[in-house]
1. Just checking, which of I186, I142, I131, I120 is in a helix (DSSP H, G or I) and closer than 27 Å to P38 by Cβ?
2. Which one is farthest from P254 (Cα to Cα), of the residues in the stretch 169-188 that are surrounded by fewer than 16 Cβ atoms within 10 Å (Cβ to Cβ) and in contact (Cβ under 8 Å) with a residue 60 or more places away in the chain?
3. Can you tell me which residue among E14, E80, E90 is within 30 Å of D200 (Cα to Cα) and among the charged types (D, E, K, R)?
4. Going by what's in this entry, would E13 be described as buried (at least 18 other Cβ atoms within 10 Å of the Cβ) and assigned to a helix (DSSP H, G or I)?
5. Consider E129 against the criteria (1) under 20 Å from the mean Cα position of the chain (by Cα); (2) acidic (D, E); (3) within 21 Å of S104 (Cβ to Cβ): it satisfies all of them except one. Which criterion is unmet?
6. Give me the residue from the stretch 37-52 that is under 16 Å from the mean Cα position of the chain (by Cα) and either surrounded by fewer than 17 Cβ atoms within 10 Å (Cβ to Cβ) or hydrophobic (A, V, I, L, M, F, W, C) (or both) and, out of that set, nearest to G139 (Cα to Cα).
7. Of all residues in the stretch 175-191, how many are within 10 Å of E129 (Cα to Cα) and touching a His at 6+ places or on another chain (Cβ under 9 Å)?
8. Which residue pairs have Cβ atoms closer than 8 Å, lie 6 or more positions apart in sequence or on different chains, and pair a first residue in the stretch 222-242 that is part of a loop (DSSP other than H, G, I, E, B) with a second residue that is crowded, with 16+ Cβ neighbours inside 10 Å and among the aliphatic types (A, V, I, L, M)?
Amino acid sequence: MKAEDRIALWLEEERIAHIRGWDLSHINDRYTEQDDLPWDYRKAILSYLTPEMKVLDIDTGGGEFLLSLGHPMKNLAATEAFPPNVQLCEETLLPLGIDFRAGSGKGPLPFDDASFDMVIDRHGDFNAEEIFRVLKHGGVFITQQVGAENDRELVELLLDPVPPLPFPEQYLSLTKEAFLKAGFSILEAQEAFCPIRFFDVGALVWFARIIEWEFPGFSVESCVDRLFKAQHILEEKGAVEGTVHRFFLVVKKP
């Protein structure tokens, strides 16, 4: 393929890079990640969950994962702060009877004290003190988080100068300390570094534009030489590979 044709394809991926909720289906067959995590977030939740439990999902995205649990809608609540996802949740979750409220996981949660038996959070913001407040006694918080070092090889491949870590506090050890300080006991805790692989550079372009907090300032025009370097790696090795950083934590309020 001619260089100008390849650039045109990359520019088109850049142009269409947007999502509603947390839907990466545009690149589903063009990349893989999280295939080797030593835990299963969904199974872990289901192992603690019973039908009568009141459950809050913080930073729910579009509510896709929450709905997949098959829990009684009347016992579900969710928060989300990203404006396009807030609108999506209002359109999809509220008509189902789910108690959706706009709000960020970092700040005060818009619910009363001791409202929930379980709080869950996949890749969202959190505030240990607020989670402690809204949980009932004996309630559990279950989270899978993106770690501080996520995708760093890919960032280093595409960006020069390399930006600082966007969330330097995102390590399991620091998160455990925060929850212990808030009054929780630790039930489960794991951390993992696993491969992420892209099988075409256009998928990597789309991904980098979507994950803008990890790839600040990325564009095809400003990074075109580095995209051709990525193309060379792909042709030589069959994939452009990086590393995802994840950790998993289950804590209990006494």
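1. On the way: I186 fails: in a helix (DSSP H, G or I); I142 fails: in a helix (DSSP H, G or I); I120 fails: in a helix (DSSP H, G or I).
That would be I131, the only listed residue that is in a helix (DSSP H, G or I) and closer than 27 Å to P38 by Cβ.
2. Out of the qualifying residues, it is E188.
3. Numbers: E80 fails: within 30 Å of D200 (Cα to Cα); E90 fails: within 30 Å of D200 (Cα to Cα).
Step by step, each of E14, E80, E90 is checked, and only E14 is within 30 Å of D200 (Cα to Cα) and among the charged types (D, E, K, R).
4. Numbers: buried (at least 18 other Cβ atoms within 10 Å of the Cβ): yes; assigned to a helix (DSSP H, G or I): yes.
Taking the combined requirement at face value, the residue satisfies it.
5. The one condition E129 does not meet is (1).
6. Just the residues of the stretch 37-52 that are under 16 Å from the mean Cα position of the chain (by Cα), to begin with: 37, 39-42.
Add one more test, that the residue is either surrounded by fewer than 17 Cβ atoms within 10 Å (Cβ to Cβ) or hydrophobic (A, V, I, L, M, F, W, C) (or both), and what stays is 37, 39-40, 42.
Details: L37: 25, W39: 21, D40: 20, R42: 17 Å.
If we take residues in the stretch 37-52 being under 16 Å from the mean Cα position of the chain (by Cα) and either surrounded by fewer than 17 Cβ atoms within 10 Å (Cβ to Cβ) or hydrophobic (A, V, I, L, M, F, W, C) (or both), then R42 is nearest to G139 (Cα to Cα).
7. Number of matching residues: 0.
8. Every condition considered, the pairs that remain are C223/L158; C223/L159.
The values are calculated or read from the model by the stated rules, or taken from the named source; none is laboratory data. Just so it is clear, the structure is predicted and the values come from calculations on it, not from any experiment. Cβ coordinates were reconstructed from backbone atoms using ideal geometry, including for glycine residues, and neighbour counts include every protein chain displayed.
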